C-alpha cells in the first residue's frame with residue numbers, strides 16, 4: 001500500500017524489495033494489479049447537514065507492468081495498492 005499525502009501533485013515511485021538474508025533485490029514481475037482511491041474518485045463537500053461526496057466513485061482498478069525499471073504514478077491525495085509476483089535478482 002502506497003499513500004500520496006500531497007494534495008496537489010502526483011508522484012512517481014519505483015518499488016524495490018530487499019531480502020535481508022541474501023541481500024538480493026526484488027521487483028514485481030508480470031502484470032501487477034493496481035487499485036487507486038484518491039481525489040478523482042472521492043471528494044467530500046462540507047455543507048453541514050447537506051454534506052456529500054461528489055464524485056463518489058469506486059477505486060480505479062487497472063493492471064500495470066512489473067519490472068526493475070517500472071515507475072508507478074501515485075495520483076495526488078491517494079491510496080494505491082499494488083499486488084503481484086516478486087522476482088529476486
Here the residues within the stretch 1-15 that are surrounded by 11 or more Cβ atoms within 10 Å (Cβ to Cβ) and in a loop (DSSP other than H, G, I, E, B) are 6, 10, 14, 15
Scope the stretch 42-89; condition at positive phi and free of Cβ contacts under 8 Å to residues at least 12 places away in the same chain; matching residues: 48
Looking only at residues that are outside any strand (DSSP E or B) and surrounded by 14 or more Cβ atoms within 10 Å (Cβ to Cβ) in the stretch 34-52, which one is modelled with the highest pLDDT? 41
Go through the stretch 57-78 and give me each residue that's loosely packed, with under 15 Cβ neighbours inside 10 Å, assigned to a strand (DSSP E or B) and in contact with a strand residue (DSSP E or B) (Cβ under 6 Å, 6 or more places away or on another chain). 61, 62, 63, 73
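The values are calculated or read from the model by the stated rules, or taken from the named source; none is laboratory data. The structure displayed is predicted, hence computed values, not measured ones. Cβ sites come from the backbone with ideal geometry, for glycine too, and all protein chains shown count toward neighbours.
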